[in-house]
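Written below as structure tokens is the structure these notes are about.
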Amino acid sequence: MFPDGLGQRSPQELLRYAEILVNIAAADGELVREEIAVIEGMMGRCMIHPESRVTVRTGFEQPIPLEQSLADLDQELIRYILRDAALVAAIDGSYDKKEIRALKTIAKAGGVSTQQLTDLLDWVGDGWKWYVAQREILG
Amino acid sequence: MLPDTVHKLPREERFAYARLLAYMARIDNELTIDEMAMFEQRLGTALLSPDQRELIRDALRNPPTLEECLANLSGEAGRLALRDSVMMAAADGNVDEDEREALEDISEHLGLREDAVDQLLQWTVKGYRWMKEGYDILEHLEE
């Protein structure tokens, strides 16, 4: 939602970032419209090139294996990915076992402990509480 | 990024929503990288067709008037467009006079309560705080 250091990453790194988000969204089965919308939004936020977005969309049908997308990425980027993957996984209101497993795989690759992952998921929960408050303002 | 309803709106309403954001993005004749990122994020979430995206990018180059944007905007699409206009206006850390005036005009057009823009700005500030906490967590994630 808010711009950050992801915009400074190379097109190849951003492609991997988006591939991993697709993998997370698909972890619990078929991708639903909510998940596609949030991934499209994240690709927009990082200003991923339109042609790269087309490449990412091909993964909606056949996601690229997580380990393959994570290979050789630096830990700082993996942590950004973990944050946004947690947001994508939560989009349908809960975390599926397969989503948790995938998040743990990303956390491990990023040097993030289980407790720290829990803190991150709590942060996502706080974001949900913040977000729903706008509904009361708008009526 | 968080659960939203923009993508559930009818196609024409999503287009009207995005057109207003294009207007807001160009209101001060200056488009910062933060505003552009926010604009592209919202455009992605709206799941517009490629043709619609092209028209919206045209609107970014040749912005419509606020009146033209509001003529096709009401109900939920309008409320979500106001919310996201507030977020986009605040994306560079400052809401200037022209932006503020347009936000109030949109709110009035939608028949929202008088303090709606203030409330949305306060809500946006809280959102920035939440996102900042996310950065702080990321910085301390090393085992």
*2 or more residues within 12 Å of another protein chain (Cβ to nearest Cβ): qualifying helices (runs of 4 or more DSSP H) within segment A:21-139*: A:33-45, A:50-58, A:75-89, A:97-109, A:114-138
_Where B:LEU80 falls short, out of the listed (1) touching a residue at least 12 places away in the same chain (Cβ under 8 Å); (2) over 13 Å from the mean Cα position of the chain (by Cα); (3) facing another protein chain (nearest Cβ under 9 Å)_ = (2)
_Residues of segment B:127-142 classified as part of a helix (DSSP H, G or I) and surrounded by 15 or more Cβ atoms within 10 Å (Cβ to Cβ), total_ = 7
*Somewhere in segment B:60-72, is a residue at pLDDT below 90 and not in a helix (DSSP H, G or I)?*
yes
*In segment B:1-33, how many residues are within 13 Å of chain A (Cβ to nearest Cβ) and not in a helix (DSSP H, G or I)?*
8
*Return a yes/no flag: does segment B:48-58 have any residue that is within 13 Å of the chain's Cα centre (by Cα) and not β-branched (Val, Ile, Thr).*
no
*Quick one: would you say B:THR5 is touching a residue at least 40 places away in the same chain (Cβ under 8 Å), surrounded by fewer than 20 Cβ atoms within 10 Å (Cβ to Cβ), under 23 Å from A:ASP92 (Cα atoms) and among the polar types (S, T, N, Q)?*
yes
_Condition first: under 30 Å from A:ALA86 (Cα atoms) and either within 12 Å of chain A (Cβ to nearest Cβ) or in contact with a helix residue (DSSP H, G or I) (Cβ under 9 Å, 6 or more places away or on another chain) (or both). Now tell me which residues in segment B:90-116 satisfy that._
B:ALA90, B:ALA91, B:ASP92, B:GLY93
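The values are calculated or read from the model by the stated rules, or taken from the named source; none is laboratory data. Quick caveat, the model's predicted, so the values are computed rather than measured. Methodologically, a virtual Cβ is constructed for each residue, glycine included, from the backbone with ideal geometry; neighbour enumeration extends over all protein chains shown.
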